[in-house]
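Remarks on the structure that follows.
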Amino acid sequence: MRLMHVDSSPKGVKSNSRMLSAYYVDLLEKKIPNLVVDYLDLSVDTPPHVTGEFAKATYTPASERTDAMKKELEYSDALCARVLMSDILVFAMPMYNFSMPSTFKAFIDNLVRTNLTYNFNDDGTTSGNLNRKKVIFITTRGADLRPGLSPWSHLDALTPALRSPFYFLGVENPYFVDAQPLQFSDQEAREEALKRAFSDLDSVALEWLKQY
Ligand SMILES: Cc1cc2nc3c(=O)[nH]c(=O)nc-3n(C[C@H](O)[C@H](O)[C@H](O)COP(=O)(O)O)c2cc1C
């Protein structure tokens, strides 16, 4: 069994999303025998942005790609292989300006690839190749954007921005643990938010572990 653990926060040991994702991976490692963890830190190994060359290469059929095109796609090819090889995907990130950090967006832009992570079918439909993976997004937010509890919840552009591309790749029911509010609130509310997030992670782990 393989797990890919991806962190995005640039805050190192001070990062809450890193703390929560490390906690979750540790829970699974303790319970799943021989779990292999493949770690990617997007603040260190930042995926390249999409270039004009990339855009051309990715939509050129593999058999017709020039050596330059193949080179352009090397990073993305390797990233897709790592993700496709994994059974479990743990993605952690802070909310930045109501959406995701640009490093994670670059990760997605390198991951959505025709005939690799999704296919065009003969009947005109598409199907995603990540459909058998267990996926959790662990997000941290400075404000409280919880639906029904916060007047700011409509500003949450992060959840749909994660759901859409991963749905397209076949991940229909990802798990979300959103820790909030972790910054723009009093100490008590921040502590409660972290406590809730740890408890939600415990619940998700219990549910997942029933299946292994
Ligand atoms: C550049 C930047 C933009 C941010 N934008 C938002 C935001 O739009 N909404 C929000 O609730 N928090 C925002 N925050 C706060 C972070 O999401 C919050 O502090 C989070 O806990 C950081 O996670 P980390 O400790 O893993 O880095 C922002 C923080 C930074 C540095």
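FYI, it's all coordinate maths here, none of it is from the lab. All figures in this text were calculated on a predicted structure; none of them were measured in a lab. For neighbour counting, all protein chains shown are included, and Cβ atoms are generated from backbone atoms with ideal geometry for every residue, glycine included.
Some observations on this one:
- The stretch 46-70, residues that are exposed (fewer than 15 other Cβ atoms within 10 Å of the Cβ), under 22 Å from PHE104 (Cβ atoms), in contact with a helix residue (DSSP H, G or I) (Cβ under 9 Å, 6 or more places away or on another chain) and not polar (S, T, N, Q): PRO48, HIS49, VAL50
- Breaking point among (1) more than 13 Å from the ligand (Cβ to nearest atom); (2) under 17 Å from the mean Cα position of the chain (by Cα); (3) at negative phi, for GLY170: (3)
- Only residues that are aliphatic (A, V, I, L, M) and assigned to a helix (DSSP H, G or I) were counted across the stretch 2-53, and they come to 7.
- Inter-residue pairs, beta-carbon under 7 Å, first more than 17 Å from MET95 (Cα to Cα) and in the stretch 182-199, second not small (Gly, Ala, Ser), 6+ apart: ALA189/PRO181; PHE198/TYR23
- Contact annotation: residue pairs with Cβ atoms under 9 Å, 6 or more positions apart or on different chains, pairing a residue in the stretch 10-35 that is of a type outside the set (A, V, I, L, M, F, W, C) with a partner that is within 8 Å of the ligand (Cβ to nearest atom) and in a helix (DSSP H, G or I), are LYS11/SER17; LYS11/ARG18; GLY12/ARG18.
- Of all residues making up the stretch 70-118, the number that are more than 13 Å from the chain's Cα centre (by Cα) and within 14 Å of the ligand (Cβ to nearest atom): 3
Yes or no, residue by residue, for (1) in contact with a helix residue (DSSP H, G or I) (Cβ under 9 Å, 6 or more places away or on another chain); (2) surrounded by 14 or more Cβ atoms within 10 Å (Cβ to Cβ):
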{"residue": "SER76", "(1), (2)": "yes, yes"}
{"residue": "CYS80", "(1), (2)": "yes, yes"}
{"residue": "MET85", "(1), (2)": "no, no"}
{"residue": "PRO101", "(1), (2)": "no, yes"}
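- Here LEU182, LEU145 are screened, and the one residue that is in contact with a Gly (Cβ under 7 Å, 6 or more places away or on another chain), within 13 Å of the ligand (Cβ to nearest atom), more than 18 Å from PHE107 (Cα to Cα) and not hydroxyl-bearing (Ser, Thr, Tyr) is LEU182.
- Check on ASN110, touching a helix residue (DSSP H, G or I) at 6+ places or on another chain (Cβ under 6 Å) and not aliphatic (A, V, I, L, M): yes
- Single condition THR140 does not satisfy, out of (1) under 21 Å from SER21 (Cα atoms); (2) away from the ligand (no atom under 15 Å from the Cβ); (3) of a type in the set (Ser, Thr, Tyr): (2)
- Near pairs, Cβ below 8 angstrom, 6+ apart or cross-chain, from the stretch 128-157 (in contact (Cβ under 8 Å) with a residue 12 or more places away in the chain and over 16 Å from ALA197 (Cα atoms)) to any residue that is more than 15 Å from the ligand (Cβ to nearest atom) and acidic (Asp, Glu): ASN131/GLU172; ARG132/ASP87; LYS133/ASP87; LYS134/ASP87
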